[in-house]
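The values are calculated or read from the model by the stated rules, or taken from the named source; none is laboratory data. From a predicted model like this one, the values you see are computed outputs, not experimental measurements. Cβ sites come from the backbone with ideal geometry, for glycine too, and all protein chains shown count toward neighbours.
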Amino acid sequence: MNFDTYQFPKYHRHKLKVHSYEVDFNQRLTVTALFNYLQEIAWEHAHLLGYGWEHLLQKGWFWALSRVEAEIYKLPAWTDEVVLLTWPRGVDGIFALRDFEVYDHLGNKIIAASSSWLVLNIQTRRPVRAEWYSDFDYATRSSLGRNATKLVEQSVSPEFSEKFDVRIGDIDMNQHVNNVRYIDWAYNTFSIEHFKSYFPKRVVVNFNAEGKANDSIIASRFQNSQDESIVEIANASNGKNLCRLMFEWGKI
């Protein structure tokens, strides 16, 4: 992989080493750590381009991740060095699009992802139209060849369900549940035996509403097929869906 063709400002890249606290019992990067990587490099690039968290705060706005989808060809292992590459890909209606790729130390692409973001008004929590963002000279390449998928509500009974409360450690700097917490909650509905046999080769996440401190949560898991699972995370008090996730599994 020749990274010289992917230069700032259109692209941003970051090299890192997988830490021991970012891997599971298989010594492979966890999905939650992966999505933390993607979120952090997105923040970093947005800041360098002049529309990061603090820049939007001055306007009374904030970034909110709406959808993200990742295809995982290989999960890096503990101590592996990887390169993260990201770029904004323009707008689609009210969504700002951003793509990602992860490469191993040999330059092989091991993960590709796409995300759709909203800018929300801090006071009203309503979306801000994307005209202010649409004149940037975007890269045109698409990591997945599509935008992140919209998932549909499940109409069958779950095979597993659990109830728990949002704790203070789940809340981020926007004072709602951190995006990656939903992925962590969904991941924890599966057993260790499952992960001895399967790894997530595709993950889709739709963030549909805000979870807040002291909310009661219900996480329900549905098995669409042997290779595909859906997890619905809802507010237990009113049934409102907060997050919907899909995992497509590959055999280890």
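In this entry, Glu131 is excluded by the filter for residues that are of a type outside the set (S, T, N, Q), assigned by TED's automatic domain parsing to the domain that holds Arg28 and either part of a strand (DSSP E or B) or in contact with a Ser or Thr (Cβ under 8 Å, 6 or more places away or on another chain) (or both).
Within the range 161-183, can one find any residue that is touching a Gly at 6+ places or on another chain (Cβ under 7 Å) and assigned to a loop (DSSP other than H, G, I, E, B)? For the range 161-183, residues touching a Gly at 6+ places or on another chain (Cβ under 7 Å) and assigned to a loop (DSSP other than H, G, I, E, B): present. Among residues of the range 29-58 that are without any contact (Cβ under 8 Å) to a residue 60 or more places away in the chain and not assigned by TED's automatic domain parsing to the domain that holds Leu75, none has a Cβ under 8 angstrom from a residue that is among the acidic types (Asp, Glu) and not in a helix (DSSP H, G or I) at a sequence gap of 6+ or on a separate chain.
Residue selection: Ser220 fails the criterion of being among the hydroxyl-bearing types (Ser, Thr, Tyr), crowded, with 17+ Cβ neighbours inside 10 Å and assigned by TED's automatic domain parsing to the domain that holds Phe95. Against the test of being surrounded by 13 or more Cβ atoms within 10 Å (Cβ to Cβ), more than 16 Å from the chain's Cα centre (by Cα) and assigned to a helix (DSSP H, G or I), the options Phe195, Phe199 yield a single qualifying residue, Phe195. From the list Tyr187, Tyr182, the one residue that fits, being within 21 Å of the chain's Cα centre (by Cα), surrounded by 16 or more Cβ atoms within 10 Å (Cβ to Cβ) and over 26 Å from Ile122 (Cα atoms), is Tyr187. Can you name the residue in the range 241-252 that is within 17 Å of Ser157 (Cα to Cα) and not polar (S, T, N, Q) and is also surrounded by the fewest Cβ atoms within 10 Å (Cβ to Cβ) among such residues? Among those that are within 17 Å of Ser157 (Cα to Cα) and not polar (S, T, N, Q), it is Met246.
Residue by residue, here is whether (1) under 28 Å from Val23 (Cβ atoms); (2) part of a strand (DSSP E or B); (3) outside the structural domain of Val180 (by TED's automatic domain parsing) holds:
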{"site": "Leu84", "(1), (2), (3)": "yes, yes, yes"}
{"site": "Trp87", "(1), (2), (3)": "yes, yes, yes"}
{"site": "Leu97", "(1), (2), (3)": "no, yes, yes"}
{"site": "Phe100", "(1), (2), (3)": "yes, yes, yes"}
{"site": "Leu106", "(1), (2), (3)": "yes, no, yes"}
{"site": "Ile111", "(1), (2), (3)": "yes, yes, yes"}
{"site": "Arg125", "(1), (2), (3)": "no, no, yes"}
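Those residues that are small (Gly, Ala, Ser) and in a helix (DSSP H, G or I), I need them from the range 28-64; list them, please. Answer for the range 28-64, where residues must be small (Gly, Ala, Ser) and in a helix (DSSP H, G or I): Ala33, Ala42, Ala46. Leu144 falls short on exactly one of the conditions (1) under 21 Å from the mean Cα position of the chain (by Cα); (2) within 30 Å of Ser237 (Cα to Cα), and that condition is (2). The listed residues are Asp92, Asp4, Asp80, Asp24, and the only one of them that is surrounded by fewer than 21 Cβ atoms within 10 Å (Cβ to Cβ), in contact (Cβ under 8 Å) with a residue 40 or more places away in the chain and out of contact with any strand residue (DSSP E or B) (no Cβ under 8 Å at 6 or more places or on another chain) turns out to be Asp24.
Looking across the range 41-77 at every residue that is of a type in the set (Asp, Glu) and surrounded by 15 or more Cβ atoms within 10 Å (Cβ to Cβ), the one that is nearest to Phe136 (Cα to Cα) is identified as Glu44.
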